[in-house]
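S.K.: Have a look at this one before I ask anything.
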Amino acid sequence: MTTLLLRNGAVHSPADPFATAMVVENDTVAWIGAEGAAAAHVDAVDAVLDLGGALVTPAFVDAHVHATATGLAATGLDLTGVPSLAHALTALAEYTKARGLYGPGRVVLGHGWDDTGWPEGRPPTPAELDRAAGGATVYLSRTDVHSAACSPALLALVPGEHGDTPLTGATHHVARAAAYAALTPADRLAAHRVTRERAAALGIGTLHECGGPEIAGEADFRALATLAAEEAGPDVVGYWGALAHDAEHARALRADLGAHGLGGDLFIDGSLGSHTACLHAPYADDPGTGLTHLDAEQVATHLAACTRAGIQAGFHAIGDAAIGAILAAARDLIAGPHAAAFRALRHRVEHAELLDADAVKAFAALGLTASVQPAFDAAWGGPDGMYARRLGAERAALMNPLAALSAAGVPLAFGSDAPVTPLDPWGTIRAAAFHRTPGQRISVRAAFAAHTRGGHRAAGRDDAGVLVPGAPATYAVWDTTELVVQAPDTRLSGWSTDPRSGTPGLPDLDPELPLPRCLRTAVRGTTVYAAEGALDPA
């Protein structure tokens, strides 16, 4: 047995709002209490960690990631924040030449460009990519990963005529698979390790991997699961985005891949940035209404198959029409004999962005979990943001209705959709607390719960995500500012720093202040990250 006493800090626990110390036995929280009682444990433990005033919290859950793409973006060509098309092409040319990838027969993978803010007002053409990379095979996913700019060498591998615009829908999936075919098993392993290491350094203890046949493929999904089982690091909960035809097929899919559920990025639609989210009414800046990857019958079949098999289902749905297809299928199911099973499985909707008041009420009534990304609003919300350009002000105001979902009692799980937005849990909580639509802000406390316990509950784990005796010892230690209780707007309640409130404090996430810095992360008692020179146990 290995025991560790953490003391002289602040422990965020509902068991004791004034806790300053915690004892961990092997993989379990054994005791939480005040500093006065901590001394009694010193002689009974194997090691003592003096927190020096640091904060201990449950480790975060990122409820929606793509490990391979995230790792590749971290080590490859990252075009996030590039201010213009000209800068993007220059970055591509410099990257290919510096890494010996310039010229025919080479494969270049990149991510993150966003033409909505570029002065040129358009994405790169295949010919421009060809010139910049000297004829290399180039795949550059847009920031939302629902379209990609591709060079002529890559387009030659995709059936059909494509023109100069980025690929979307099924043709994009074919292009991505062709580009990713150049990755070796060692490349994928390196990407997976980078993602898990980065997550651990940010206080993330669990990642929900959203894989699928059109994302990174079966071999990739299996390799990540194997790595997580064999090497210390954040836990990985795998969701496989493949359509189930009936209950037997659903069971076979899950058993074959060891998937936790059949959902994640099982695409009903695409994204707003790429004009592929499926809408009831046309876009404000385009005559179309987006793309539909699954029709209403397929959505209903998958939901019914998983419910009858006792397997959690889920879909990627951003537009109101895509979300409406899920709600219609769910209403039909709960009208039959499977209503209790349906609600118990906590079926998930990933992103769930464009919801009106009726849709929010339906989520609550149907027991659906909203797996959402507040950083999307920080990146694209507001009166001058991409959402407003794509949808117009009225519909854009309905996007990412966090306060409405929370008030209705809809279970929330927060994630990043990395690499779409970065792994950044405290930044995600800040984005929720300072939503660009003020009426949709939620408290830091509610956002923290969604990014910790909410993620575990979304995967059916009700014992995790909170530090109480008997709970898994998956936690993070933080160097942070004064602890407060932050209201869901720019004000701080008058009792925020008053200990008489009996409410555990959290870091002040005012946008003018630095975010907390992770000093240590443990997963079931095993340290998976320790900042250099910080907090060594004695």
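S.K.: Please go through segment 69-92 and give me each residue that is touching a helix residue (DSSP H, G or I) at 6+ places or on another chain (Cβ under 6 Å), among the hydrophobic types (A, V, I, L, M, F, W, C) and either without any contact (Cβ under 8 Å) to a residue 24 or more places away in the chain or open to solvent by less than 20 Å² (accessible area, probe 1.4 Å) (or both), ordered by number.
M.R.: Leu77, Leu79, Leu92
S.K.: Having 2 or more residues that are of a type in the set (Val, Ile, Thr) and within 21 Å of Ile204 (Cα to Cα) is the bar; report the strands (runs of 3 or more DSSP E) wholly within segment 19-111 that clear it.
M.R.: 21-25, 28-33, 55-58, 60-65
S.K.: Which members of segment 161-183 meet the condition of being open to solvent by less than 60 Å² (accessible area, probe 1.4 Å) and not in a helix (DSSP H, G or I)?
M.R.: Selection gives His162, Gly163, Pro166, Leu167, Thr168, Ala182, Leu183.
S.K.: For segment 145-157, which positions are assigned to a loop (DSSP other than H, G, I, E, B) and open to solvent by 10 Å² or more (accessible area, probe 1.4 Å)?
M.R.: Val145, His146, Ala156, Leu157 - these are the residues of segment 145-157 that are assigned to a loop (DSSP other than H, G, I, E, B) and open to solvent by 10 Å² or more (accessible area, probe 1.4 Å).
S.K.: A further question follows. If you take the residues in segment 283-299 that are under 25 Å from the mean Cα position of the chain (by Cα), among the aliphatic types (A, V, I, L, M) and open to solvent by 10 Å² or more (accessible area, probe 1.4 Å), which one is farthest from Gly169 (Cα to Cα)?
M.R.: Leu294
S.K.: Filter segment 20-41 for residues that are open to solvent by less than 40 Å² (accessible area, probe 1.4 Å) and touching a residue at least 40 places away in the same chain (Cβ under 8 Å) and give the result.
M.R.: Met22, Val24, Val29, Ile32
S.K.: Sticking with this structure for a sec: Among the residues of segment 5-19, how many are open to solvent by 20 Å² or more (accessible area, probe 1.4 Å) and out of contact with any Ser or Thr (no Cβ under 9 Å at 6 or more places or on another chain)?
M.R.: Summing the residues that are open to solvent by 20 Å² or more (accessible area, probe 1.4 Å) and out of contact with any Ser or Thr (no Cβ under 9 Å at 6 or more places or on another chain) in segment 5-19 gives 4.
S.K.: Restricting the search to segment 458-470, which residues are surrounded by fewer than 21 Cβ atoms within 10 Å (Cβ to Cβ) and out of contact with any helix residue (DSSP H, G or I) (no Cβ under 6 Å at 6 or more places or on another chain)?
M.R.: Gly460, Arg461, Asp462, Asp463, Val468, Pro469, Gly470
S.K.: Any residue that is touching a helix residue (DSSP H, G or I) at 6+ places or on another chain (Cβ under 7 Å) and surrounded by 23 or more Cβ atoms within 10 Å (Cβ to Cβ) - is there at least one of those in segment 96-104?
M.R.: no
The values are calculated or read from the model by the stated rules, or taken from the named source; none is laboratory data. The structure presented is a predicted model; accordingly, all values stated were derived computationally and were not measured. For neighbour counting, all protein chains shown are included, and Cβ atoms are generated from backbone atoms with ideal geometry for every residue, glycine included. When the accessible area is computed, the model is the full protein with side chains, heavy atoms only, and any ligands, DNA or RNA have been set aside. Shrake-Rupley method; radii C 1.70, N 1.55, O 1.52, S 1.80 Å.
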